[in-house]
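The values are calculated or read from the model by the stated rules, or taken from the named source; none is laboratory data. These figures come from a predicted structure and were not determined experimentally. Cβ: placed from backbone, ideal geometry, glycine included. Neighbour counts: every protein chain shown.
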Amino acid sequence: MTSTAATDATAHISDPAPAQRRILRVLVASQVLSGAGLAAGVTVGALLAQHMLGSTSLAGLPSALFTAGSALAAVAVGRISQARGRRPGLALGYLTGAVGSAGVIAAAVLDNPVLLFLALFVYGAGTATNLQARYAGADLATPGRRARAVSTVLVATTLGGVAGPNLAAPTGTFAHTLGVPNLAGPFLLSGVAYGLAALVLALWLRPDPLLLARAVARAEEADAPTQAGAAEAADGADGRGGVVLGALVMVLTQLVMVAIMTMTPVHMHDHGHGTAASGLVIAVHIGAMYLPSPLTGWLVDRYGRLKVAAASAGTLLAAGVLAAAAPGDSVGLLALALALLGLGWNLGLVAGTAIITDAVPLATRAKTQGLVDVCIALAGATGGMASGVMVAATSYPALALTGGVLSLALLPAVAATAYRR
């Protein structure tokens, strides 16, 4: 397999642009599928746990578990990608997510909370892989187009991500006909979607983008060793600060987004809304997470990483304030708040990813990106777990307002980096 991947990579060294276009097409196809897969846990994970346990205080546990599972998967996918390329790393991650989906369905049938929590942990691999795929889109991109390459991969998640929550009710009905509890229905969809995403990548992600990027870099070094060595040294000196800032931007946006998002379906359920209404709100949220990506990528490349990172903090604050102020019976205002929440996350993710990719040399890129995504996943796990506890102790408006204010912590870090430059 390794020799085949190397042959694929060297065949495109002289002109990597056509290979980049093919790679983006394959990544887009896999992201459409995986978007439907990741939406299941977001839409009904908290409701399923609440139904099994009969307690709102632990309703945030599913989100915490599958984001914690995504932390472990991020390390594994990053290390496999570093050693063997993006294709095996991403394909294995999605396949693991499919196994987790099957476990959730089994837990629902058996009414076994312990199995549910274990399966959700494994299911988190799909979430981690969906995020890691954005790095594959940037491997061959030139510095001035990296954010746009990342955004192309992210926006592809929109179709599946929006369709998935809106299929919660139909898949629940279909699951019932199979003898599976209604709330587990979306996990039937996620298992199939993740499995197909793994198949698409395993068969068609050729040449491997990371292996080809390394081959291109080696060819450039052979042509101009002095200049390439100087550039690599500059990357290394720049890298530590860039990694810290990029990680901070993505960690904070993930923490705030997951905390508010996780408890919104529960908040709506407590105010008499059904699965269809909460599915619609989450679909709007997921659409806002990914659909603006092309514009965000252009803004990051055109106006700079730091300005867009700062804009994400302001957008998340607006989301938190609106979610806190919205009446519980207002689906429209909650949908708008969740749309702003998704947009703020998108601005932070694209800007932070571009900062990380700029800062890390190819020799350690995949491994470092995997470690950064561990921090992102742990932040999501913290937000998911704390959200249920906080809502049980206080209220959903208090949670939303706290999350919005917390996002402002990004501004001092961005301002300090801008001042040093």
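If you go through segment 171-207 and keep only what is outside any helix (DSSP H, G or I) and modelled with pLDDT under 85, you end up with nothing. A residue that is buried (at least 21 other Cβ atoms within 10 Å of the Cβ) and over 19 Å from the mean Cα position of the chain (by Cα) occurs nowhere in segment 244-260. Cβ separations smaller than 8 Å between residues 6+ apart or across chains give the following pairs from segment 96-125 residues that are at positive phi and at pLDDT below 90 to residues that are part of a helix (DSSP H, G or I) and buried (at least 17 other Cβ atoms within 10 Å of the Cβ): ASP111/MET52.
Number of residues in segment 155-170 that are at pLDDT below 80, farther than 23 Å from HIS51 by Cβ and not hydroxyl-bearing (Ser, Thr, Tyr) equals 5.
Kindly establish whether ASP358 is surrounded by 23 or more Cβ atoms within 10 Å (Cβ to Cβ) and of a type in the set (Asp, Glu). Criteria not met by ASP358.
Checked against the criteria, VAL162 counts as touching a residue at least 60 places away in the same chain (Cβ under 8 Å), part of a helix (DSSP H, G or I), β-branched (Val, Ile, Thr) and farther than 19 Å from VAL308 by Cβ.
Condition check: at pLDDT 90 or above, buried (at least 24 other Cβ atoms within 10 Å of the Cβ), closer than 14 Å to GLY404 by Cβ and within 20 Å of the chain's Cα centre (by Cα). Does GLY344 satisfy that? Spelling it out, GLY344 is indeed at pLDDT 90 or above, buried (at least 24 other Cβ atoms within 10 Å of the Cβ), closer than 14 Å to GLY404 by Cβ and within 20 Å of the chain's Cα centre (by Cα). In this structure, ARG146 does satisfy being part of a helix (DSSP H, G or I) and more than 15 Å from the chain's Cα centre (by Cα).
Could you tell me whether GLY314 is buried (at least 24 other Cβ atoms within 10 Å of the Cβ) and small (Gly, Ala, Ser)? No, not satisfied. The numbered conditions (1) buried (at least 24 other Cβ atoms within 10 Å of the Cβ); (2) closer than 12 Å to ALA400 by Cβ are all true for VAL308 except (2). Looking at VAL321, is it modelled with pLDDT of 90 or more, surrounded by 19 or more Cβ atoms within 10 Å (Cβ to Cβ) and assigned to a helix (DSSP H, G or I)? For VAL321, the condition - modelled with pLDDT of 90 or more, surrounded by 19 or more Cβ atoms within 10 Å (Cβ to Cβ) and assigned to a helix (DSSP H, G or I) - is not met. Please verify whether LEU24 is in contact with a helix residue (DSSP H, G or I) (Cβ under 6 Å, 6 or more places away or on another chain), in a helix (DSSP H, G or I) and modelled with pLDDT of 75 or more, treating the condition exactly as stated. Here the answer is yes, as LEU24 does meet what is asked. Mind listing just one residue for me: the one in segment 390-421 that is more than 16 Å from MET261 (Cβ to Cβ) and β-branched (Val, Ile, Thr) and, of those, surrounded by the most Cβ atoms within 10 Å (Cβ to Cβ)? Restricting to residues being more than 16 Å from MET261 (Cβ to Cβ) and β-branched (Val, Ile, Thr), the top hit is VAL414. Every test in (1) outside any helix (DSSP H, G or I); (2) crowded, with 20+ Cβ neighbours inside 10 Å is passed by GLY328 save one, and that test is (2). Over 21 Å from GLN254 (Cα atoms) and surrounded by fewer than 22 Cβ atoms within 10 Å (Cβ to Cβ): does that describe PRO143? When the stated conditions are applied, PRO143 passes them. For segment 251-297, residues that are of a type outside the set (A, V, I, L, M) and farther than 29 Å from LEU371 by Cβ total 13. Is one or more of the residues making up segment 86-93 in a helix (DSSP H, G or I) and at pLDDT below 75? The answer is no, given that none of the residues of segment 86-93 is in a helix (DSSP H, G or I) and at pLDDT below 75. Are any of the residues in segment 355-363 at pLDDT below 95, part of a helix (DSSP H, G or I), touching a helix residue (DSSP H, G or I) at 6+ places or on another chain (Cβ under 6 Å) and more than 17 Å from ARG305 (Cβ to Cβ)? Scanning segment 355-363 turns up at least one residue that is at pLDDT below 95, part of a helix (DSSP H, G or I), touching a helix residue (DSSP H, G or I) at 6+ places or on another chain (Cβ under 6 Å) and more than 17 Å from ARG305 (Cβ to Cβ). Look at segment 327-338: where a residue is without any contact (Cβ under 8 Å) to a residue 40 or more places away in the chain and more than 13 Å from ALA400 (Cα to Cα) and a partner is assigned to a helix (DSSP H, G or I) and small (Gly, Ala, Ser), sitting 6+ places away or on another chain with Cβ atoms under 8 Å, you get LEU333/ALA325.
Taking the conditions (1) buried (at least 23 other Cβ atoms within 10 Å of the Cβ); (2) under 20 Å from the mean Cα position of the chain (by Cα) in turn, LEU116 satisfies each one other than (2).
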